[in-house]
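Structure, as structure tokens:
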Amino acid sequence: MPGPEARTRLRRWRRTKDWFAKGFVAMAGIGVIISLATIFVYLFSEVTPLFKGADLDEPISYEMPGFDQAETLYFATDRHNAVGVRYTSEGQAIYFQPESGEVLRTEMLDIPLGVAITSFATGEPRTGLAAFGLSDGTALVVQLEYEITYPDNQRQVTPRLRFPLGEEPIRVAEERIAVRNIAVQEGGRGYALITETTNGALTYARYEARRHFMTDEVELTRSMHALPTPPGEISSMLVDITLRNLVIGDQQGSLHYYDIHRPEQARLVDSTSVVEGVEGGVTAMEYLLGTVSIIVGGADGSLTQWFLVRDEDNVRRLTRIREFDRHPGAITHIFPEYARKGFIVGDESGHVGVHYGTSARTLAMEQVSDQPIRRVAVSPRNNSFLFTDAPDRLTFGRMTNPHPEISFGALWNRVWYEGRDRPEYVWQSSSATDEFEPKFSFVPLSVGTLKAAFYAMLFAMPLAIMGAIYTAYFMTPRLRGVVKPTIEIMEALPTVILGFLAGLWMAPFVENNLPAVFSILILMPVFMMAAAFLWTRVLPVTLRERVPPGWEAAILVPVVLVVGYVCVSASPWVEVALFDGDMRQWFTEQGIAYDQRNALVVGFAMGFAVIPTIFSIAEDAVFNVPKHLTQGSLALGATPWQTMVGVVLLTASPGIFSGVMIGFGRAVGETMIVLMATGNSPVVNFNIFEGMRTLSANIAVEMGEAARGGTHYRILFLAALVLFMATFVLNTIAEIVRQRLRRKYSSL
């Protein structure tokens with residue numbers, strides 16, 4: 001026996017080891033907390049810029065380039081802010097340096113002497129198209145292009161005007177009557193020119209481009225058509241790039257929609273009141289990118305978005321989609337962005353506002369002048385803006401507006417997207433067309449995540465928990481020593497293998513054997529209960545005693561195999577007898593959509609992956625219930641089943657609950673199985689026969705194609721943050737519940 005000094009040294013060494021162990025555990029816990037906090041801070045830092053508004057730097061004012069008392073009809077810049085253009089009422093195209101106002105070159109349009117410009121209009125900004133209506137009933141159409149060269153490795157931008165309909169003005173009225181209003185647009189089939197003369201005549205001139213198959217020359221064929229005049233006095237006109245739709249705004253505050261698909265049958269389809277009871281009515285009107293949505297500004301400072309929606313009679317009518325923050329003064333000019341669904345607005349009170357259509361955001365609204373804003377423009381890259389508030393002054397400013405597409409409403413509420421007949425939840429991050437409207441709703445992804453986890457847990461929880469209870473409490477130690485490690489080793493299977501098998505083998509098997517799947521789900525419990533009844537009530541005691549206690553589960557193995565084999569073998573016969581030979585087609589006829597890779601397959605595959613986690617934790621919790629509790633219950637006359645329900649389950653409930661929540665957390669964050677075993681379709685439903693797209697799978701699919709620092713890139717980080725916060729909150733709630741259960745039943 002060691003002496004007092006040896007025992008003192010032993011205690012001292014033990015205290016030292018305890019101190020180091022406590023310090024190591026504490027450091028590890030602090031490290032975990034720091035890691036989680038670092039992840040959260042990083043994700044938050046990547047997401048925060050999404051919800052910032054637009055920044056308008058202090059603008060620089062200078063004398064209007066080439067100012068000679070002529071009115072400014074239009075100005076814009078190229079994508080590099082190297083060259084700006086200004087059209088004047090004297091028929092000049094003045095090219096200037098946007099940041100300084102230095103005139104680079106002046107070009108005169110071929111307008112006859114004694115003829116004045118009486119109206120002006122532009123097409124979609126990215127086309128560079130503009131039309132001048134003249135006082136003699138003619139019109140001149142020009143198209144601005146920029147040629148970029150690199151002499152001596154220095155970028156040089158050279159603007160030039162092209163005349164798609166000829167260098168000389170074209171006649172749009174039979175008599176020499178001034179063109180009061182004009183609209184122009186370039187489409188895939190040519191050009192459209194809508195004019196209204198001072199006598200109220202509304203004319204549609206259509207120029208169809210045809211390329212000669214031998215000479216490769218482009219020939220323009222012109223046709224002229226008279227249009228019915230709207231009831232109000234016209235203030236603005238717009239035609240879309242399909243050359244099918246014409247929208248006219250009037251000074252009484254109404255919009256008029258014309259169907260001009262067949263010019264000879266053009267008709268006024270619909271008239272809608274926009275601004276009621278305000279003198280001046282519609283003061284500005286412009287198409288957004290793609291010419292589907294129209295932004296309408298009123299004399300009351302209102303801004304609304306409209307586009308065509310089919311009604312119950314399948315007639316397309318102008319429909320108010322959303323409103324934006326009202327400006328303090330009447331809207332004077334609207335300029336759409338070149339590559340997004342945004343626009344910049346000027347008003348009579350000297351305010352400039354930056355807005356975005358889909359997200360319904362007002363990103364900036366600043367008073368930049370004490371005078372009314374006459375015209376405003378934004379650069380193709382949305383990094384600068386121009387405005388004029390006086391005939392002799394032009395102002396240039398820098399702008400930062402990287403992520404206008406995102407708002408909390410666009411992420412979590414129904415959004416009315418272009419081309420749809422009602423607001424919807426949609427995730428569609430990319431498309432092949434430049435005028436695509438990004439759709440970033442998190443609802444389909446969140447519903448898909450919950451849907452996958454729900455069906456996985458619906459399959460895994462009963463099997464894992466019941467199996468854990470039987471294995472820990474009723475099974476013989478020898479059989480338990482085989483079953484428990486076998487199930488736990490299932491957790492080592494790579495989820496990519498499970499997803500591969502689920503997508504390429506299980507999904508086709510389930511589709512081809514749907515009656516077998518449902519037969520197994522229904523008949524397997526019935527035959528297992530029947531086998532248990534026969535074993536306990538029918539078979540003689542001498543036969544039952546040959547099977548040692550705890551080995552009864554082995555008897556069910558042949559039952560499971562036989563029932564499964566019979567159900568699969570009988571599947572074709574059942575399908576012919578009950579479903580006319582095709583159960584999937586029967587589902588379709590009943591209005592139930594069926595996808596080969598669906599939530600049923602995901603539930604089986606992901607449930608298979610989650611079972612080992614829940615089983616292992618729940619089995620340990622049940623097995624570690626103190627023996628004196630179970631023995632005391634049995635000694636008081638309770639049966640083993642009563643002891644299990646009344647004592648063991650209550651005592652082990654914190655551990656079982658922890659296993660369920662950890663399994664649920666794994667199901668929520670699972671990626672590869674849902675990526676490979678579903679169609680990755682972002683739908684909003686809980687149909688077990690349709691697929692889904694989860695947050696984690698969406699990140700895995702789209703992160704590789706997202707441009708670093710772009711809106712799509714940061715939205716994927718936002719999805720990761722939502723997933724992180726959801727699992728953190730769920731685990732926190734689970735831990736609170738577990739601790740309460742532990743305190744409640746610790747006295748047993």
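Values quoted throughout were computed directly from the atomic coordinates according to the rules given, and no laboratory measurement underlies them. Since the structure is predicted, the reported quantities are computational estimates derived from the model, not experimental observations. All Cβ positions, glycine included, derive from the backbone under ideal geometry; neighbour counts span all protein chains shown.
Using Cα pairs closer than 8 Å and at least 6 residues apart in sequence, work out the relative contact order for the stretch 443-745, in percent. Present the calculation step by step, with values, prior to reporting the outcome.
Numbers: 385 pairs, mean separation 97.4, N = 303.
After rounding, I find 32 percent.
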Fill in the blank from the handout: Rounded to the nearest 0.05, FRET efficiency between R743 and S681 (Cβ-Cβ, R0 56 Å) equals 0.80
Fill in the blank from the handout: Counting sequence-distant residues (5 or more places) and residues on other chains, those with an amide H built under 5 Å from that of R105 are Y95
Problem - Whole-Hz ³J(HN,Hα) from phi, Karplus 6.51 cos²θ - 1.76 cosθ + 1.60, for the stretch 148-162, glycine and proline x - result: 10, 10, 10, x, 6, 6, 10, 5, 10, 9, 10, x, 8, 9, 10
Fill in the blank from the handout: Residue-ordered couplings for the stretch 164-169, obtained by feeding phi - 60° into the Karplus form 6.51 cos²θ - 1.76 cosθ + 1.60 and rounding to whole Hz (Gly and Pro as x), are x, 10, x, 6, 9, x
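Largest first and in whole Å, give the semi-axes of the chain's equivalent ellipsoid, each being the square root of 5 times a Cα gyration tensor eigenvalue.
Details: eigenvalues 1037, 225, 90 Å².
Whole-Å semi-axes of the equivalent ellipsoid: 72, 34, 21.
If we count every other residue with Cβ under 12 angstrom of F67's Cβ, Lys/Arg +1 and Asp/Glu -1, where does the sum land?
Values: positive: R86, R393; negative: E63, D68, E71, E90, D392.
My count for the surroundings of F67 gives -3.
Would you calculate, for the chain, the mean residue ellipticity at 222 nm contributed by helices, counting each DSSP H stretch of 4 or more residues as -39,500 (n - 2.57) and dividing by all residues, to the nearest 500?
Numbers: 17 runs with 265 residues, N = 748.
Result for the chain, helices only: -11500 deg cm²/dmol.
All other residues with a Cβ under 9 Å from the Cβ of Y594 taken together, and with Lys, Arg as +1 and Asp, Glu as -1, what is their net charge? Present the calculation step by step, with values, prior to reporting the outcome.
Values: positive: R584; negative: E511, D595, E690.
Residues close to Y594 contribute a combined charge of -2.
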Problem - For the chain, with +1 on Lys and Arg beta carbons and -1 on Asp and Glu, the positive-most of I699, T38, A76 along the dipole - result: T38
Completion exercise
One finds, for R420 and K52 with R0 = 35 angstrom and r their Cβ-Cβ distance, a FRET efficiency to the nearest 0.05 of 0.80
Problem - Acute angle (nearest 10 degrees) that the helix 477-489 long axis makes with the longest principal axis of the chain, alpha-carbon atoms - result: 10 degrees
Practice task
In whole angstrom, note down how far apart the Cα centers of the stretch 334-397 and the stretch 1-76 are.
Solution key: 36 Å
Completion exercise
The alpha-carbon center of the stretch 580-648 and that of the stretch 109-171 are separated, in whole Å, by 74 Å
Exercise for the section: Would you mind pulling out the separation of the Cα centroids of the stretch 664-697 and the stretch 503-543, in Å? Expected result: 28 Å
Practice task
Work out the charge dipole of the chain with +1 on the Cβ of Lys and Arg and -1 on the Cβ of Asp and Glu about the Cα centre, then indicate which of V115, N624, V566 is farthest towards its positive end.
Solution key: N624
Exercise for the section: Find which of G3, I194, F474 sits farthest along the positive direction of the dipole of the chain, computed with +1 on the beta-carbon of Lys and Arg, -1 on that of Asp and Glu, about the Cα centre. Expected result: G3
Fill in the blank from the handout: Listed with the fewest Cβ neighbours within 10 Å leading, R374, R478 appear as R478, R374
Exercise for the section: Using amide H atoms built 1.01 Å from N in the peptide plane, name the residues 5+ places from G350, or on other chains, whose amide H lies under 5 Å from its own. Expected result: I373
Completion exercise
Helix 556-579 sits off the longest principal axis of the Cα atoms of the chain, rounded to the nearest 10 on a 0 to 90 degree scale, by 40 degrees
Fill in the blank from the handout: P(r) of the stretch 443-745 over all Cα-Cα pairs, 10 Å bins starting at 0, rounded to whole percent, reads 6, 21, 29, 24, 14, 4, 1, 0
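Summing +1 for each Lys or Arg and -1 for each Asp or Glu, what net charge is found among the other residues whose Cβ lies under 13 Å from the Cβ of A116?
Spelling it out: positives minus negatives among the neighbours equals -1.
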Problem - FRET efficiency for R210 and V496, using Cβ-Cβ distance with R0 set to 45 Å, rounded to 0.05 - result: 0.25
Exercise for the section: Relative to the longest principal axis of the C-alpha atoms of the chain, give the angle of the C-alpha long axis of helix 711-745, reported between 0 and 90° and rounded to the nearest 10°. Expected result: 30 degrees
Exercise for the section: For the stretch 400-408, take each phi angle, set θ = phi - 60°, evaluate the Karplus expression 6.51 cos²θ - 1.76 cosθ + 1.60, and give the result in whole Hz per residue in order, putting x for glycine and proline. Expected result: 10, 8, x, 9, x, 6, 10, 8, 4
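Under the 0.36 nm per residue contour assumption, what length would be gained going from the current alpha-carbon distance of D325 and K22 to full extension? Could you put the intermediate results ahead of the total?
Values: separation 303, 0.36 × 303 = 109.08 nm, distance 5.88 nm.
Here the answer is 103.2 nm.
Compute the length gained on full extension between W573 and N624: take 0.36 nm times their separation in residues and subtract their Cα-Cα distance, giving the result in nm to one decimal.
Numbers: separation 51, 0.36 × 51 = 18.36 nm, distance 4.89 nm.
Taking 0.36 nm per residue and subtracting the Cα distance, the gain is 13.5 nm.
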Completion exercise
Taking placed amide H atoms and a strict 5 Å upper bound, the residues 5 or more places from D250 or on another chain that come that close are S235, V282
Handout entry: Nitroxide proxy distance, nm - points 7 Å out along Cα→Cβ at Q631 and S273
Key = 8.9 nm
